[in-house]
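The structure under discussion appears below in the form of structure tokens.
The values are calculated or read from the model by the stated rules, or taken from the named source; none is laboratory data. Bear in mind that the values here come from a model prediction, so they are computed numbers and not experimental data. Note: ideal-geometry Cβ built from the backbone for every residue, glycine included; neighbour counts use all protein chains shown.
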Amino acid sequence: MKALCWTGINKLNVEKVPDPSILNPKDAIVKVGLSSVCGSDLHLLDGYVPTMREGDIIGHEFMGEVVETGPEVKKLKKGDRVVVSSIIGCGGCYHCNHGAWSLCDNSNTHPALLEKTYGYAGAGIFGYSQAFGGYAGSHAEYIRVPYADNGMFKIPEGISDESALFCSDAFPTGYMAADMADIAPGDVVAVWGCGGVGQMAIR
């Protein structure tokens with residue numbers, strides 16, 4: 001398949017790479033329908049995130065169609081149109097059970113690297129460097145989704161691909177920020193940084 005790969009600071013190339021395959025029974029393979037560029041992808045491109053490896057596939061905001069599932073995937077099936085959370089959560093650890101997927105104890109395959117680099121441990125993120133698990137990203141034709149029953153959501157009929165795509169990262173990030181700020185109807189607030197996430201927080 002073709003994928004957009006990081007090949008060095010300020011260097012990206014479309015390259016031919018192997019198709020992903022099921023590695024664990026809770027995995028699914030998704031044919032990517034739409035994958036968007038996040039502002040944080042620029043941190044990967046310019047070397048601000050120091051744990052990129054040449055050939056890493058970037059991208060973490062996406063939706064698509066399930067083409068294969070592992071034997072332990074029960075909620076979704078081949079042919080389902082899905083949106084996938086950019087944060088990978090196992091769904092069973094303490095943090096996931098308390099709604100804090102970004103701190104998942106099990107999804108980051110390199111937690112010590114993340115802690116050494118940033119001073120904290122956290123979850124895996126698609127296409128966001130070795131420190132966040134080294135998972136292949138969504139700027140590709142296909143992607144492997146670990147813990148598919150937890151982070152992959154069937155898109156209802158009547159919702160466009162473009163609308164569903166916002167639910168991968170930009171909308172839930174902005175919504176959670178607004179929710180954690182205890183904003184109530186009639187409150188006057190200021191939002192600094194009105195990119196995609198800021199716009200979602202405003203709405």
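The table that follows gives values for the structure above.
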{"item": "Unmet criterion (only one of (1) aliphatic (A, V, I, L, M); (2) more than 26 Å from D19 (Cβ to Cβ); (3) crowded, with 22+ Cβ neighbours inside 10 Å) for I202", "result": "(3)"}
{"item": "Evaluation of V37 against (1) buried (at least 18 other Cβ atoms within 10 Å of the Cβ); (2) under 20 Å from C167 (Cβ atoms); (3) modelled with pLDDT under 95; (4) hydrophobic (A, V, I, L, M, F, W, C) (one fails), failing number", "result": "(1)"}
{"item": "Residues (of a type in the set (S, T, Y) and either in contact with a strand residue (DSSP E or B) (Cβ under 8 Å, 6 or more places away or on another chain) or not assigned by TED's automatic domain parsing to the domain that holds I159 (or both)) located in the range 65-123", "result": "T69, S85, S86, S102, S107, T109"}
{"item": "Any hit, the range 60-71, residues being closer than 20 Å to A170 by Cβ and either polar (S, T, N, Q) or in a loop (DSSP other than H, G, I, E, B) (or both)", "result": "yes"}
{"item": "Residues of the range 160-177 that turn out to be surrounded by 19 or more Cβ atoms within 10 Å (Cβ to Cβ) and among the acidic types (D, E), as a count", "result": "1"}
{"item": "Output for the range 94-141, where each listed residue is in contact with a helix residue (DSSP H, G or I) (Cβ under 8 Å, 6 or more places away or on another chain), assigned to a loop (DSSP other than H, G, I, E, B) and aliphatic (A, V, I, L, M)", "result": "A121, A123"}
{"item": "I183 vs. criteria touching a residue at least 60 places away in the same chain (Cβ under 8 Å), outside any helix (DSSP H, G or I) and β-branched (V, I, T)", "result": "no"}
{"item": "Any hit, the range 15-33, residues being free of Cβ contacts under 8 Å to residues at least 24 places away in the same chain and in contact with a strand residue (DSSP E or B) (Cβ under 9 Å, 6 or more places away or on another chain)", "result": "yes"}
{"item": "Of all residues in the range 124-143 being of a type in the set (F, W, Y) and crowded, with 24+ Cβ neighbours inside 10 Å, the one that is farthest from F62 (Cα to Cα)", "result": "F132"}
{"item": "Residue list for the range 13-34, restricted to those being exposed (fewer than 14 other Cβ atoms within 10 Å of the Cβ) and touching a Lys or Arg at 6+ places or on another chain (Cβ under 8 Å)", "result": "V14, K16, S21, L23"}
{"item": "Any hit, the range 83-93, residues being under 12 Å from the mean Cα position of the chain (by Cα), more than 20 Å from M200 (Cβ to Cβ) and either in a strand (DSSP E or B) or charged (D, E, K, R) (or both)", "result": "yes"}
{"item": "Search result, residues across the range 154-171 that are in contact (Cβ under 8 Å) with a residue 60 or more places away in the chain and either of a type outside the set (S, T, Y) or farther than 15 Å from V32 by Cβ (or both)", "result": "K154, I155, D161, E162, A164, L165, C167, D169, A170"}
